[in-house]
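A quick write-up on the structure given underneath.
The values are calculated or read from the model by the stated rules, or taken from the named source; none is laboratory data. Values in this document were obtained by computation on a predicted structure and should not be read as measured data. Note that each Cβ is placed from the backbone with ideal geometry, even for glycine, and that neighbours are counted across all protein chains shown.
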Amino acid sequence: MDHQTKVALKQDQFVTTTAHGLDWVSENRRTVLVGSAVAFVVLVLAVVGGVLWHSRSQAAANAFGDAMNIYETPIASATQPAPPGTKTYASIAERAKDANAAFRAVADRYGMTADGKNARYFAGLTYLEAGQNQSAEDTLKQVAGGWNKQLASLAKFALADLYRQTGRDAQAIELYNELTAKPTDSVPAGLAQIQLAELYTAEGKVDQAHKIYAQLKDKDAKGPAGMIAAQKLNPAPAPGGAPQM
C-alpha cells in the first residue's frame with residue numbers, strides 16, 4: 001500500500017468517525033445540552049460555594065481574633081500598673097465573662113468553621129474561669145463529642161480538671177485513662193499520665209502515683225513527661241530542709 005493510499009484511508013476513517021459523532025450529537029442533542037447545562041450549574045455552584053466559604057471563614061477568623069484579644073487582656077496589678085491607655089480587667093472572672101460572650105457569638109454564628117469550633121472550646125474554658133461550672137461542663141462535653149480529635153482531647157482534659165475541682169475524681173480518672181489510651185498531639189499520653197499521678201498524690205495514693213512516674217521515667221527519660229516524672233521521684237531538697245514531695 002503506497003503512502004497516498006494510506007493517507008486517503010486515514011482521512012476516510014476520520015471523516016467516518018466525525019460523521020458518526022455528529023450523528024449521535026444530533027440525535028441526542030437535548031441530552032447533550034441538558035448534561036452540559038447541569039455540569040455548568042454544578043461548576044458555578046462549586047465556585048460560588050468556595051468563595052462564600054472562604055469569605056465566611058475569613059469573617060470567623062477575624063471575629064475569633066477579636067475574642068482572643070479580650071481573653072488576652074491583662075489583669076490589673078497593684079505591683080505592676082499597666083501603661084496609660086492600656087485596657088485591663090480587675091479579675092480573671094471579669095475578663096472571662098466578656099471573653100465568653102465574644103467566643104459564644106463566634107461559635108453560634110460560625111460554628112461550622114475551624115475558628116467557630118475553636119471558639120466553642122474557649123467558651124467552655126471561659127465559663128470555667130467565670131465560675132459557671134455547669135455551663136462549662138455542658139459546653140466542653142459538646143466539644144469533646146466533636147469530630148476534631150485535637151479539640152476533643154483538649155476539652156476532655158479541661159473536663160477532667162473540672163471534675164477534680166468539683167470532687168468527681170472517678171470521672172477525672174476515667175478521662176485521664178481515656179486520653180492515655182488515645183493520645184493526640186494536643187494532649188500526649190504523658191501529659192494525661194502526669195495529671196493522673198498528681199490526682200493520686202492529692203488523694204494520698206502515693207504508691208500509685210510513684211508507679212506512674214516510674215513508668216514515665218523509663219519510657220520517656222528525655223521527654224517532657226519523663227523529666228517531670230524524674231523530678232517528682234527525686235525532688236530537689238528545699239533550702240534548709242528535707243526534700244519536698
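Scanning the stretch 112-135 for residues that are in a loop (DSSP other than H, G, I, E, B) and loosely packed, with under 13 Cβ neighbours inside 10 Å turns up Met112, Gly131. The residues of the stretch 191-226 that are of a type in the set (Lys, Arg) and either more than 16 Å from Ala170 (Cβ to Cβ) or buried (at least 19 other Cβ atoms within 10 Å of the Cβ) (or both), listed by number, are Lys211, Lys217, Lys219, Lys222. Contact map, the stretch 107-125: residues that are within 15 Å of Ile70 (Cα to Cα) paired with residues that are charged (D, E, K, R) and surrounded by fewer than 24 Cβ atoms within 10 Å (Cβ to Cβ), Cβ distance under 6 Å, separation 6+ or inter-chain. Pairs shown: Ala123/Arg104. Among all positions in the stretch 67-74, there is at least one residue which is at pLDDT 90 or above, under 30 Å from Thr126 (Cβ atoms), among the polar types (S, T, N, Q) and not in a helix (DSSP H, G or I). Of the helices (runs of 4 or more DSSP H) contained entirely in the stretch 170-245, those carrying at least 3 residues that are modelled with pLDDT of 90 or more fall at 189-202, 206-219.
There is at least one residue in the stretch 132-140 that is β-branched (Val, Ile, Thr) and assigned by TED's automatic domain parsing to the domain that holds Ile92.
Among the residues of the stretch 82-97, not a single one is touching a helix residue (DSSP H, G or I) at 6+ places or on another chain (Cβ under 8 Å), surrounded by fewer than 20 Cβ atoms within 10 Å (Cβ to Cβ), of a type in the set (Gly, Ala, Ser) and in contact (Cβ under 8 Å) with a residue 40 or more places away in the chain.
Cβ-Cβ distances below 8 Å connect the following pairs, each with a first residue in the stretch 182-194 that is closer than 17 Å to Tyr213 by Cα, a second residue that is aromatic (Phe, Trp, Tyr) and crowded, with 16+ Cβ neighbours inside 10 Å, and a separation of six or more residues or different chains: Leu191/Phe157; Ala192/Phe157; Ala192/Tyr176; Gln193/Tyr176. Look at the stretch 48-74: where a residue is outside the structural domain of Asp98 (by TED's automatic domain parsing), no partner that is of a type in the set (A, V, I, L, M, F, W, C) and at pLDDT 90 or above sits 6+ places away or on another chain with Cβ atoms under 8 Å.
Looking for something of a type in the set (S, T, N, Q), in contact with a helix residue (DSSP H, G or I) (Cβ under 8 Å, 6 or more places away or on another chain), surrounded by fewer than 20 Cβ atoms within 10 Å (Cβ to Cβ) and not in a helix (DSSP H, G or I) - is there at least one such residue anywhere in the stretch 147-154? Yes.
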